[in-house]
1. If Ser54 passes every condition in (1) over 22 Å from Ser115 (Cα atoms); (2) at pLDDT below 95; (3) in a helix (DSSP H, G or I); (4) of a type outside the set (D, E, K, R) but one, which one does it miss?
2. Quick check on this structure: which one of Ile34, Ile56, Ile25, Ile21 is within 17 Å of the chain's Cα centre (by Cα), free of Cβ contacts under 8 Å to residues at least 40 places away in the same chain and surrounded by fewer than 20 Cβ atoms within 10 Å (Cβ to Cβ)?
3. Among the numbered criteria (1) part of a helix (DSSP H, G or I); (2) over 16 Å from Leu40 (Cβ atoms), which single criterion is violated by Ile85?
4. Is it fair to say Ile85 is farther than 30 Å from Thr136 by Cβ, over 19 Å from the mean Cα position of the chain (by Cα) and of a type in the set (Val, Ile, Thr)?
5. Output yes when any residue across region 112-134 is assigned to a helix (DSSP H, G or I), surrounded by 17 or more Cβ atoms within 10 Å (Cβ to Cβ) and in contact with a Ser or Thr (Cβ under 8 Å, 6 or more places away or on another chain), and no when none is.
6. Could we say that Ala194 is within 27 Å of Phe77 (Cα to Cα), without any contact (Cβ under 8 Å) to a residue 60 or more places away in the chain, in contact with a Phe, Trp or Tyr (Cβ under 6 Å, 6 or more places away or on another chain) and buried (at least 17 other Cβ atoms within 10 Å of the Cβ) here?
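The values are calculated or read from the model by the stated rules, or taken from the named source; none is laboratory data. Keep in mind it's a predicted model, so treat the numbers as computed, not measured. FYI the Cβ positions are ideal-geometry reconstructions off the backbone, even for glycines, and counts take in every protein chain you see.
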Amino acid sequence: MSQSTWQLMLDSLWPLLHGAITGTIPLALSSFAIGLVLALGLALMRLSRRRWLSSIARVYISVVRGTPLLVQLFVIFYGLPSLGIVIDPWPSAIVAFSINVGGYAAEVIRAAILSVPKGQWEAAYMIGMSHRRALTRIILPQAARVSVPPLSNTFISLVKDTSLASLILVTELFREAQQVAAFSQQFMALYLEAALLYWVICLVLSSGQGVLEKRLDRYVAH
């Protein structure tokens, strides 16, 4: 790369970082938080003895996992207006990513709940706990510990997937890179710089995941 290209990458570093700080990270955090709430509800529906509840959750998960995230994003932003429902770019991205996270994380949470020994349920019932109290006080805390690694991976994937929001004009890291690249015509340099920043963010998140897993492992009997 020429000196001018390196200078362009240096000058564009702050706009890209600003896009990550104000766009990519908040978008990922808010979507993941909403998606987790949705996923917990879906997981409990899947485990419900009421067949109609379980069927609704099963169909939802199947549709979300069986269709591309990009298509889901386009359906919400470009498709819903044809039905008279117009959503701005930022909320559209949050809705799409939350729905997607909910579908994937639901199966993670369901598997984590099922991994808790049945004896834990029986012990809770023996001391007079109701089903709901046993679930919230005994089962879910243990399931949460088991689900941390796969849910962390889901979050890291979501951070990368937020780049798709640039296609509906959400200003985030990749959108900033596109704008600078279009102005300077240095597409390779700017896209490589964006890729490097995504990689650094994911490295930081992976390190945090490792620390969290080690701390939680202290409370697991071996």
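1. Here Ser54 clears every test but (1).
2. The match here is Ile21.
3. Ile85 satisfies every listed condition except (1).
4. Yes.
5. The answer is yes; a qualifying residue exists.
6. No, not satisfied.
Conditions (1) touching a residue at least 40 places away in the same chain (Cβ under 8 Å); (2) exposed (fewer than 15 other Cβ atoms within 10 Å of the Cβ), marked per residue:
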{"site": "Arg46", "(1), (2)": "yes, no"}
{"site": "Arg51", "(1), (2)": "no, yes"}
{"site": "Ile76", "(1), (2)": "no, no"}
{"site": "Ile87", "(1), (2)": "no, no"}
{"site": "Phe97", "(1), (2)": "yes, no"}
{"site": "Ala106", "(1), (2)": "yes, no"}
{"site": "Ile109", "(1), (2)": "yes, no"}
